Every structure is written in structure tokens, then in C-alpha cells.
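J.: Take this structure first; my questions come after.
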Amino acid sequence: MSMSVTEIRRGLAEGRFSSVEVTQDYLARIAQHNPVLNCFISVTDELALAQARQADADLANGNTQALTGVPIAHKDLFCTDGVRTSCGSRILDNFIAPYDATIIENFKRDGAVMLGKTNMDEFAMGSSNENSFYGSVANPWNIGHVPGGSSGGSAAAIAAGLAPGATGTDTGGSIRQPAALCGVTGIKPTYGRVSRYGMVAFASSLDQGGPFARSAEDCALLLQTMAGFDPRDSTSSEQAVPDYSAALGDGIEGLKIGLPKEYFSEGLDGRLAAVIETAVDELRKLGADIKEISLPNTSLSIPTYYVVAMAECSSNLSRFDGVRFGHRCADPVDLEDLYKRSRGEGFGEEVKRRILIGTYALSAGYYDAYYLKAQQLRRMIKDDFQTAFDSVDLILGPTTPEVAFEIGAKTDDPVSMYLQDIYTISLNLAGLPGISLPVGFVDGLPVGMQLIGNYFDESTLLGAAHSYQQVSDWHLQVPELAR
Amino acid sequence: MTLKSDDVRSIAHLARLHIDEDAIEHYVHDLSSILSLVDQMNQVDSSAVVPLANPLDATQRLRTDEVTEVDQRDKFQVIAPDVEAGLYRVPKVIE
């Protein structure tokens, strides 16, 4: 039982099953597997069944929207009115959001059922989901390995068949990297495509929400619901949203696809390179025109990213002060003690490291050397992509340098963890969209391939990924425990 | 770039973040290794490059100055750690 969003919609429309039945199925699978996988921080059983009953009534009345009755899981950093929104952090362990994020409203508008809130690295800071106050998530393909992060709970939930679709956010790869490590499809849209209103901020100039599902076809449906202008997000784009599902048939023939030589050099596990090359051959057979390109400033993207992300996080996370919501320390002696101990007790190790580095980078006398310098390199990285897109339609490479590593393997060395993001973070710096899709296995663990598109060209990304998924079955593979 | 223990203490104060005294050395090590990674930025001369703040080079959108939010004080105060008479309580600031 690993139905796609597309199959569930069809089954509901044809009356082969009800939304309550399909929702109960997923809730039962969550109850069975979550104790081991830890994908969900909160399971909203009662709410889900109430929404499913409403969906069944709507289906009976012909009052159907795009996702009426389809169960979806949401990353636990989207605010959900009346439901705990923890962000994987102790500091928000008691935080019941007083309003819905825009994308949550969108899913409600389109009739979706919310199964629960998924586990994540605290405040989306991490590449392994080991930084959650609620514990690590296990990779469904091998429970001794990480699912990737920060949206690890969402990716693992899809892989294990605990939800047919889920939301995530991507600041430096947090949708694409766990999608790759769990063998599912995930798309990070162009910066500004999906509203950030009600999405707890990590690094505001990089953060972007997007969907996970089993296929590009399903991602197109979910992105359609999520995307669009929102006056409540000051960086939301006013550009019209195309019909993503209609573009799936556009195919790949004649598309010029660039392979950046910097993405296939040292640092990439040779076995992953071989898997990616096989997929590239498939795209060639489908009529793609493959050529080598160069993104010369790729190696600068990691230091640049971490300065921008940590500076913005230190500023954004200053709102967690123990005064109006969230954790407050016991018996503060004065206001400074209240701030310091509430934050010291509420934040985990990685979040503290990033706040400290960000504070340092923004402190008097260091701004030019760090934040300003990083913003200059950021433009150079963006310019590399713009030059590349003068001669290609898409850019292709691995999503990650290696497959899912063992839980605990990199926790003592933050820098080696950061290097996992080498192929994903430059897109966030440039604001470009990217999709990760499964293209094979190494050591029984999934390998992800990343396609990068031009600004607001999610349609071409989804169409190319869909074409590949029409001639391959990697996206249909399921781990033993989901069979 | 290598930090000293006192650097970590002063950054933690700026960030209003309590760090246990016996964890300071651990942070000195971790933060110094992150700053070494960050120092790779200096391999490149970017002095002539215009900084990029918004990835789409967009400027802040303005809206008309109209009230659009409604008063939800009661709802917001339900999740506050300590409130009294519609206010948020904190330790005494002024003697």
C-alpha cells in the first residue's frame, strides 16, 4: 500500500474508497511504524478524521477541490492554528500556533486532510535530522542511517508510505537532500514562489517551502496548491503561476542540459557518479542535448552560504526570548537572566553554534569582512548560473556527494556535516528552483539526481523529471517495511 | 581564525545566550573550525562586486497604510508564559 496522490484522487473521484478509509489507513501505518521511524512529532488523528469526513461529504455533493480528501503531512515549522508547531525545538515545545501559515490555508482551501506534523532538524538547521529535540528520524531503507535533513520526517514518511505527500522547506537543501537520501521526489521552488507567511523563519533570504511526493506528477499537484502571490509575505512573487500538471507532457526532447564539471569532481562518491551517468544516458535517449558547463565559484558556496544563513538566523531567532510565547526558564532573577537562560535551555547545540557565529559575523567591526563579503560572493555565484542559463535549459548533477550515512557518523564534526550541502546550497544563494528525483541505489540506499531550472521555470523541471519517471521505475521502489 | 574563551563569552552575551562555563572550550573549538571554513571566502577578490541581498534583486514591496489585522490579544496571551491584566509579565526592570 503505497498509493500516489494521483491514485488517491482518482480512487476518491471514482468512489472506490472514501477519504475516511484512506485516512484511517495512513493513520494505522503511522501508528505501526512511527515508534521506529520517528517521522512525526505530532499525529493529528481527530482533526484528520474530521477533515476526511468533511471531504467525503464534499465529494458526495460534487463540491470538490484539487486535493479534496487527500491526506498530507506538514513539516512542523508551518504554523497550524490550534496545533502545536514545535520546529523540532524545546523552545517551542509548548507553542500552539494561533494562526495558519498561508500554505496551510491553501491546503485547507483545496480540501486536503492533515495527518500530522513531521520531524525535522531544530529550526531547519541540519542535514541529517539528528538535531531534533524529538530525536533522530530513521531512514526507511536502513534504520541505522539518517534520512537527511532538515525535512527528514517528511521525506522518510513518503518513503515509508506513512503519507502520500508532504510539505518541507529548503534553506540550503532541506527538501532536495532528504528526498535524495530517502528515494523520493522533492522540489524547491524559485525564491518567492511559495509564501513564507507562517513558516518559522531560519534565513529569510534563502528559505523556500515546497512539496515531497513519490513522483514529479504528484509534486506538480502539491506545488499548484502551495504556489502563488501572498500579500502577507513581502518577498512573495507576483508572477502568475502556470498549470504545472499541464506542463508534465512537455517532455525532454530538444532540451539542452548542462553538467557542471565542478559537480562531478573530487568529493563525489564514484559509485554515485556512475549511477548519475546511467540516468544521463537515459535522458540522452529521450532526446536531451547534454553538454558540459562550468560553475566556477561552486567551492565558494559553502562558506558564503554559512555566513548568510547564520547571520540571518541569529537575527531571526532573537524573537525567541521567553516573554510572549515559548519556553521560559524557572525563577529568572532579572530580564537579562530570563533571556539568557530561556534561550540557553530552549535551543539545542547546532542552533546555538549558528546563533553565535551569526552574532559574531554581524557584530561591530566584522560586518564587512563576513556578511558584506558573503553577499558579494553570493552575486558571483548567481552570475555563474545566469551565464550557464544563456546556453542551457536545465542543469543536472548529483543531489548529494554520498548516500545516507550512519546515524551518529558526523555529529562530532559540524564542518563535515555542512559539506553534505555542496550541490544544493548554491541554488538557495541564487534563488533558483531545483528538483531531486531517485535514479538508483548504492549499498541498498537511494541515490538522488538534481535538476536545476531557471527562475520560475518549475514547469520545465517537473516535465523533465516526469519524462524520466515514465521510462524508469526508481521512484516506484519501496523499502521492505512499506511493502 | 581562532577564537578565545573570552571571545565566546562575549559573543554569547551579545546573543543573550547562556552557555555553561564547562562547555566554553567546546564552543571555542567548534566555532573556530567553522570560521576557518568561512575564511575560504578570502581566496577571492570581490571588492568590485555589488552585494546581493535578495536573490531576485527585488526591492521591498510597499502597501497602503491601512489596518488589516484584527485584535487577537486574548488568543495570543493564552500561549504566553506569564500574563496579568492583558499585559506580559517579566521580572522587574525599573526599581
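The values are calculated or read from the model by the stated rules, or taken from the named source; none is laboratory data. Quick caveat, the model's predicted, so the values are computed rather than measured. Don't worry about glycine lacking a Cβ; one is built from the backbone with ideal geometry, like all the others, and counts go over all protein chains shown.
J.: Which numbered condition trips up B:LEU3, out of (1) surrounded by fewer than 13 Cβ atoms within 10 Å (Cβ to Cβ); (2) in contact (Cβ under 8 Å) with a residue 12 or more places away in the chain?
T.: (1)
J.: Additional query: On the given criteria, is A:ALA240 at pLDDT 95 or above, more than 13 Å from the chain's Cα centre (by Cα) and farther than 28 Å from A:PHE123 by Cα?
T.: Here the answer is yes, as A:ALA240 does meet what is asked.
J.: State all residues of the stretch A:103-161 that are basic (Lys, Arg) and closer than 29 Å to A:LYS352 by Cβ; if no residue qualifies, say none.
T.: Correct list: A:LYS117 only.
J.: Would you confirm whether or not the stretch A:428-441 contains a residue that is surrounded by fewer than 24 Cβ atoms within 10 Å (Cβ to Cβ) and either touching a residue at least 24 places away in the same chain (Cβ under 8 Å) or small (Gly, Ala, Ser) (or both)?
T.: yes
J.: Give the stretch A:333-370 a look and list any residue that's at the interface with another protein chain (Cβ under 9 Å from one of its Cβ atoms), in contact with a Gly (Cβ under 8 Å, 6 or more places away or on another chain) and not charged (D, E, K, R), or say none.
T.: A:LEU338, A:TYR339, A:SER342
J.: Additional query: For the stretch A:318-339, how many residues meet the condition of being in contact with a helix residue (DSSP H, G or I) (Cβ under 6 Å, 6 or more places away or on another chain), of a type outside the set (Phe, Trp, Tyr) and within 30 Å of A:LEU419 (Cβ to Cβ)?
T.: Count: 0.
J.: Is there a residue being of a type in the set (Val, Ile, Thr), under 24 Å from the mean Cα position of the chain (by Cα) and not in a loop (DSSP other than H, G, I, E, B) anywhere in the stretch A:43-62?
T.: yes
J.: Would you be able to tell me the number of residues in the stretch A:403-421 that are modelled with pLDDT of 95 or more, buried (at least 18 other Cβ atoms within 10 Å of the Cβ) and not aromatic (Phe, Trp, Tyr)?
T.: Here the count works out to 3.
J.: Further, regarding this structure: So, A:ASN94, is that one touching a residue at least 12 places away in the same chain (Cβ under 8 Å) and surrounded by fewer than 24 Cβ atoms within 10 Å (Cβ to Cβ) or not?
T.: Yes, satisfied.
J.: Within the stretch A:69-93, track down each residue that is over 21 Å from A:GLY209 (Cα atoms) and out of contact with any strand residue (DSSP E or B) (no Cβ under 7 Å at 6 or more places or on another chain).
T.: A:ARG90, A:ILE91, A:ASP93
J.: Which of the residues spanning the stretch A:353-383 are in contact with a Pro (Cβ under 6 Å, 6 or more places away or on another chain) and within 24 Å of A:SER294 (Cα to Cα)?
T.: The answer is A:GLN375, A:GLN376.
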